[in-house]
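First up is the structure itself, then whatever we jot down about it.
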Amino acid sequence: MTDQAERLRQISRQNETPPEKVASGPCRVVAVSSGKGGVGKTNLVVNLALILSQWNYRVIVVDADLGMANVDVLIDAVPRYSLVDVIDGNKDLEDVMIQGPQKLKIIPGGSGFANIANLDQENRTKLLSRLKMLEDAGDFMLIDTGAGISKNVLSFVGAADDFILITSPEPTALTDAYGMIKVVSENGLQNKAEVVINYIRDFYQGQEVFNRLNKVCQRHLKGMELNYLGGIFFDPVISRAVEDCKPFVLGFPKSEASRSMHKIARRFLYQEDQEIAPKRGINGFIDRLARLIK
């Protein structure tokens with residue numbers, strides 16, 4: 001049996017042609033978070049979503065970073081409304097949703113999801129019925145949560161089907177990443193985290209950083225599994241793309257950063273145990289979120 005490093009090297013040697021599409025089903029909800037800010041969380045969400053969309057998956061991105069929402073900035077969009085307007089009954093979901101590049105659908109969440117806890121049963125039922133249309137509108141919903149371990153962030157993580165954690169080789173970032181994994185594990189929110197290491201110099205640095213994090217988790221967090229999705233190479237085109245308000249997989253498709261993202265997307269799609277964790281869909285996600293965020 002090949003070890004994980006060898007399996008990743010095999011995937012890395014694959015070309016970047018679109019992979020065979022995996023079986024469809026209920027929309028898979030993915031929470032993307034980080035232990036601290038400034039490690040590239042929103043860039044990961046937007047560029048991963050665009051690659052999945054390029055591969056003919058229907059993707060919905062929800063900007064749920066309640067304090068620093070900036071998905072719209074990366075795609076040079078100016079949202080007029082957010083999910084708050086849907087909850088207040090002023091707008092329909094179609095009015096709130098932004099059409100991004102590559103047929104990407106983006107929902108500016110604002111404080112909308114946090115407000116679910118304050119709804120009475122009648123209004124919560126109305127909101128769920130409005131969100132139901134998303135179940136058939138997407139194959140993936142990527143939630144860009146805030147950084148850190150606030151109640152809102154942990155609620156998103158616990159309600160999602162998948163939890164992706166992005167960090168960097170910086171010691172403080174790794175410490176905060178472990179802190180987040182620990183809180184998620186000890187509160188029974190998730191028993192698995194998909195890990196991305198940003199700003200790596202080469203393949204081996206990314207693998208070594210992940211191994212260090214994984215070793216600590218195996219020693220102290222029983223029942224918590226980490227899976228390495230891969231690393232994003234340090235690449236000056238990323239900052240240039242942010243300045244241009246154009247995601248780097250579109251602005252610089254042949255760059256090291258873009259190649260890294262394509263490999264991460266492949267690994268995410270073809271996880272060995274993907275069938276073990278069933279997709280519970282958007283309505284299931286909203287129901288669980290409503291319970292957790294109280």
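Derivation of every value follows stated rules applied to the coordinates shown; laboratory data play no part. Please read these numbers as outputs of a predicted model, since none were measured by experiment. Please note: Cβ atoms are built from the backbone with ideal geometry, for glycine as well, and neighbour counts cover all protein chains shown.
Among the lysines, which fall within straight-line cross-link reach of LYS36, defined as a Cα-Cα distance under 21 Å, with same-chain neighbours fewer than 8 residues apart omitted?
LYS151, LYS182, LYS192, LYS215
Say each of ALA137 and ARG291 gets a label point 7 Å from the Cα, pointing the same way as Cα to Cβ; how far apart are those two points in nm?
2.6 nm
Expressed as a rounded percentage, what relative contact order does the chain have, with Cα pairs under 8 Å and six or more residues apart?
Computed over the chain, the figure is 26 percent.
In whole Å, what is the distance between the alpha-carbon centres of segment 243-265 and segment 42-110?
Here the two parts' Cα centres lie 19 Å apart.
For the chain, which longest stretch is free of loop sites, where a loop site is one of the GluC sites (Glu not before Pro) that DSSP puts outside H, G, I, E and B and that has at most 10 other Cβ atoms within 10 Å?
Result, exposed sites excluded: 21-271.
Gain in length, ASN56 to ASN187, computed as 0.36 nm per residue apart minus the alpha-carbon separation, to one decimal in nm?
So the extension gain works out to 43.6 nm.
With both partners inside segment 33-292, how many of the DSSP beta bridges are antiparallel, as a percent to the nearest 5?
DSSP beta bridges in segment 33-292 are roughly 10 percent antiparallel.
I'd like to know which of PRO247, ALA265, TRP55 lies farthest towards the positive end of the charge dipole of segment 33-292, counting +1 on Cβ of Lys and Arg and -1 on Cβ of Asp and Glu.
ALA265
Suppose R0 equals 25 Å. What FRET efficiency, 1/(1 + (r/R0)^6) with r the Cβ-Cβ distance, do ARG219 and LYS151 give to the nearest 0.05?
Efficiency computed from Cβ-Cβ geometry: 0.35.
Helix 41-54 versus the longest principal axis of the chain: what is the Cα-based angle in degrees, 0 to 90, to the nearest 10?
Between helix and principal axis, roughly 90 degrees.
Stretched out fully, how many nm does the piece from VAL22 to ARG212 gain, at 0.36 nm a residue minus the Cα gap?
Gain on stretching VAL22 to ARG212: 65.2 nm.
Please give the calculated 222 nm ellipticity per residue for the chain, where each DSSP H segment of at least 4 residues contributes -39500 (n - 2.57) and the sum is spread over every residue; nearest 500 deg cm²/dmol?
-13000 deg cm²/dmol
If you work out Rg and Dmax of the Cα atoms in Å from the coordinates, which of (i) 19.2, 69; (ii) 18.1, 57; (iii) 19.2, 59 do you get?
Here the calculated entry is (ii).
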